[in-house]
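Below: one structure, written as structure tokens.
Rule-based calculations on the coordinates, nothing more; no lab input. Predicted model, so just to flag it, every value in this text is computed and none were measured. No Cβ is skipped: glycine too gets one built from the backbone with ideal geometry, and neighbour counts run over all protein chains shown.
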Amino acid sequence: MKFYNLLIAIPFVLLIASCEKDVLSQLPVERTELSDIFNPKDKQGTLIDEYLAAVYAELPRGFNRIGTNLLDAGTDDALSGDISVTGVDKYKIGQWGPSDLPENPWASGYSAIRRVNVLLANVDNSGIVDSRKDAFRFQARALRAFFYFEMVKRWGGVPLIGDKVFVLNDNLQLARNTRAECVDYIVSECEFLKDKLPATLTTADLGRVSKGAMLALKSRILLYDASPLYNPSNDITRWQTAAKAADDLIKLNLYALEANFGTLFTTRSNKEFILAYQQADNSTIESLNEPPGYMRGGQGITNPTQNLVDAFPMSNGKAIAEPGSGYNPADPYKNRDPRFYLSVFHNGFSWLGSAVETFVGGKNNTRNGIGTGTKTGYYMRKFMTTSGSAASFSNATHNFPIFRYAEILLNYAEAQNEVLASPDASVYKVINDIRKRAGITSVIAIGSMDKDQMRKFIRNERRIELAFEEHRFWDIRRWKIAETVLNGTLKGMRITLNPDKSLTYDPNFVVQTVTFDAAKMYLYPVPYIELRKNQALIQNQGWN
């Protein structure tokens, strides 16, 4: 099935971007009659195309979506560069609750699910051929499963409403289903839809859900379900199920690691992205996150922590504290994992023909000439292009990766490691393949780690490989380590320029005091406004 706009034929990838301004202002049905959208005389399905594109536009768009901040700024990996406390900061300082959620997709999630159900209830009234009706149905159901997942990972069990399209006089006092019931529903939808959706997509259909996207969703939710937060008794069968789900996707042989990590995120079509939020080319990532002090006017919004920087190994693959790593505290950015240089701006980084200066008083350590620039000594580099001149940005591809193949490999390695008494060759292969793509040439020998060591290693690989892609926020929760990593202080690098032009590095500079209440903060509170509207809802434990 091809998608196209009313005015000009374009790939579906751009239709999502355009519909945010055009279609969403016209749809849903409150602004356009259903009889116009699902019209027996319409043999082309043009308005249904646009209606479905508006549903796609509700997928997570990532990047600087919470105010102007990344979700990762709510973890131990980054801080917001804003001078005042931002919404995402509240996740780390305990200032969030039922009446103040930095992000709250409860209402928007159910709005998107309602749009899906409207389509399912009315698509038979259209004049398009039956095969195309089915294609619309399957895509819509796939999106609905994803919207439910987005709510379940935040709140646990939520009300499952089936195909119901509620109207004004319906009873909306709906109790929450259990988390197990929600997981079973999402997994069953993935199972049904995986063979109903196309295995491969044409260029014109990039951004649509596919068989791979359903298997990726299944892999992620089953991995979460097997994790300590949801599997306190460590039921090994859950890990087995999660490992198989990831392996099923791997064995499709439709995806692979891109050779170049550096261009992975600025290429619209590549063999690693399974599903990405498609948008028109732009320069928003650069303008918000590039270090201030360049003529292009970057704002330096995202400041990676020293905690994250220390997680990157050396180019020889050894951790910085490991004997023989070659790490030099007086030259801390030399010979690091190549992913470090593609993820983080550091002092001395060559950018647009000049070195980044994040030392105290450096040209890139102030914003608009006044105040503080970076709080941590770093800025985010990932996702950016070097396109444009020293004076201005050029628009470039920035499609947020909802699912990519590296995650699936890491899902498999994590689950498989938990299944076995000690990691097997397949686990080592995943780690070695990902590190080899990154540019690390050393190979980890089979049998060199026990199960606990491999678990720690895999978790660190997820942290650095998937940095700023909205995984860390959920990983530290499902691993139940947020109470450790988000209690105490986060560190930055304070760099002093000495009179002789040498630099002194202090990697223990405290940049933020953080707190996490394990009694309640592993799940979001149900928003207070939803409790007021629906008396059948029960609040999550610990939230009042």
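Helix-derived [θ] at 222 nm for the chain: sum -39500 (n - 2.57) over DSSP H runs of at least 4, divide by residue count, nearest 500?
Here the helix-only value at 222 nm equals -11000 deg cm²/dmol.
With a 10 Å Cβ neighbour count serving as the proxy for reagent exposure, in which order, fewest first, do S99, S219 appear?
Ordered from fewest to most neighbouring Cβ atoms within 10 Å, S99, S219 come out as S99, S219.
Need one word for segment 207-342: rounded, prolate or oblate. Basis is the Cα gyration tensor (sqrt eigenvalues a ≥ b ≥ c); a/c below 1.5 gives rounded, then a/b vs b/c decides.
Oblate is the answer for segment 207-342, as a/c is 1.5 or above yet b/c matches or exceeds a/b.
Check cross-link reach from K533 to the lysines: straight Cα distance under 17 Å, and skip same-chain residues fewer than eight apart.
Those lysines meeting the cut-off do not exist here.
R0 = 60 Å: FRET efficiency of D310 with S35, Cβ-based, nearest 0.05?
Working from the Cβ atoms, E equals 0.50.
Tell me, what is the Rg over Rh of segment 263-342, with Rh the Kirkwood radius over Cα pairs?
My calculation puts Rg/Rh at 1.07.
What's the tally of Lys pairs in segment 93-228 whose alpha-carbon atoms lie under 16 angstrom apart, where the two lysines are 8 or more places apart or on different chains?
Within segment 93-228, the lysine pair count is 6.
On a full-extension model of 0.36 nm per residue, what is the gain between D195 and K451, subtracting their alpha-carbon distance, rounded to one decimal in nm?
Using 0.36 nm per residue and subtracting the Cα-Cα distance, I get 88.6 nm.
Using alpha carbons only, how many degrees (0 to 90, rounded to 10) separate the axis of helix 451-465 from the longest principal axis of the chain?
It is inclined by approximately 80 degrees.
Please give the helix 236-250 orientation as an angle from the longest Cα principal axis of the chain, in degrees from 0 to 90, rounded to the nearest 10.
80
Determine, for each peptide in 133-144, 385-396, the mean count of other beta carbons within 10 angstrom over its residues, then list the peptides with the highest first.
Output ranking for 133-144, 385-396: 133-144, 385-396.
Obtain the nm distance between the two label points defined at D42 and A421 by a simple spin-label model: each point lies 7 Å from its Cα along the Cα-to-C-beta direction.
Modelled inter-label distance: 6.2 nm.
Taking the alpha-carbon distance from K451 and a cut-off under 17 Å, which lysines remain once sequence neighbours fewer than 8 residues away in the same chain are dropped?
Hits, sequence-local ones excluded: K429.
Could you state the angle between the C-alpha long axis of helix 130-155 and the longest principal axis of the C-alpha atoms of the chain, as a value from 0 to 90 degrees rounded to the nearest 10?
With both axes taken from Cα atoms, the answer is about 50 degrees.
PRE reach from Y528 (point 7 Å along Cα→Cβ): which of segment 77-98 fall under 16 Å by backbone N?
95-98
All other residues with a Cβ under 10 Å from the Cβ of W474 taken together, and with Lys, Arg as +1 and Asp, Glu as -1, what is their net charge?
Summing Lys and Arg as +1 and Asp and Glu as -1 gives +4.
Give the order of S325, S210 when sorted by the count of other beta carbons within 10 angstrom, beginning with the fewest.
Fewest-to-most Cβ neighbours within 10 Å comes out as S325, S210.
Can you spot the lysines whose alpha carbon is less than 27 Å from K501's alpha carbon? Ignore those fewer than 8 places along the same chain.
Result set, ordered by chain and number: K334, K363, K375, K491.
Taking the Cβ of V88 as the centre, find all other residues whose Cβ is under 9 Å away and add up their charges (Lys, Arg: +1; Asp, Glu: -1).
Taking every other residue near V88 into account, the sum is -1.
Can you divide the C-alpha Rg of segment 472-541 by 2.2 N^0.38 Å and report the result to two decimal places?
Compactness ratio reported: 1.82.
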